[in-house]
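See structure below.
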Amino acid sequence: MSLEIHYDQIQNAIDTFNTGRTSFEQAHSSPVTHAENTSDALNDAHQAALGELDRLLGSAVTNFSQMGLSAQAVFDGFKTADAAGS
């Protein structure tokens, strides 16, 4: 039984993954605005929610970057091993 590796499909999946990471990075770097002329409690809640969103987006960017680098390294390793075995 042989293993057929479709490198173009794997690279396409990694590229798609990196597109998602880029979307998170763009969302994280977008300027945050808050509502004006609202009650202090509502404004405080809104600011707290925006702070949490910013924290989550920052974590997502970091996680996406780490996973993307790991996936690319594994892919490159498989490709090198396959070429060496040919």
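Show me the chymotrypsin sites (Phe, Trp or Tyr not before Pro) within the stretch 52-82 that DSSP assigns to loop and that have at most 12 other Cβ atoms within 10 Å of their Cβ. Intermediate values should be presented prior to the final figure.
Values: sites: PHE64, PHE75, PHE78; in loops: none.
Sites meeting the loop and neighbour criteria: none at all.
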Going by C-beta contacts inside 10 Å, put LEU50, LEU42, LEU57 in order with the fewest on the left. LEU42, LEU50, LEU57
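Every number in this text was worked out from the coordinates using simple rules, so none of it is lab data. All of these numbers come straight from a predicted model, not from anything done at the bench. Counting neighbours? That spans all protein chains shown, and the Cβs are built from the backbone with ideal geometry, glycine included.
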